[in-house]
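> Let me begin by handing over the structure; questions about it come next.
The values are calculated or read from the model by the stated rules, or taken from the named source; none is laboratory data. Not measured: the values here are computed from a predicted model. Cβ atoms come from the backbone with ideal geometry, glycine included; neighbour counts cover every protein chain shown. Remember, those area values only see protein heavy atoms, side chains included, never the ligands or the DNA or RNA. Shrake-Rupley method; radii C 1.70, N 1.55, O 1.52, S 1.80 Å.
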Amino acid sequence: MNRTYDLFEKMPNGDVLWRGSVSSLEAGRQQIAALAQRTGNECLLMQILTQEVVERISPKALQP
């Protein structure tokens, strides 16, 4: 069964912006990693039906 996942970016002021959706967990993990690298902000991958956050990348995780 395919599931849909949404990508979100959490801004420094606390706002959360929707950044897109994907149809598989693997694609979602690739997209969230790329988004986090571009923005440097916390990024979230959420499964739509359950509203579960399945992946979270914080800015601290991006630092060498």
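> Among the residues of the stretch 50-64, write down those that are modelled with pLDDT of 90 or more and either open to solvent by 50 Å² or more (accessible area, probe 1.4 Å) or under 19 Å from Thr39 (Cα atoms) (or both).
Thr50, Gln51, Glu52, Val53, Glu55, Arg56, Ile57
> Something else now. Among the residues of the stretch 13-47, how many are open to solvent by 70 Å² or more (accessible area, probe 1.4 Å), part of a loop (DSSP other than H, G, I, E, B) and either closer than 14 Å to Arg3 by Cβ or in contact (Cβ under 8 Å) with a residue 12 or more places away in the chain (or both)?
Residues meeting the conditions: 1.
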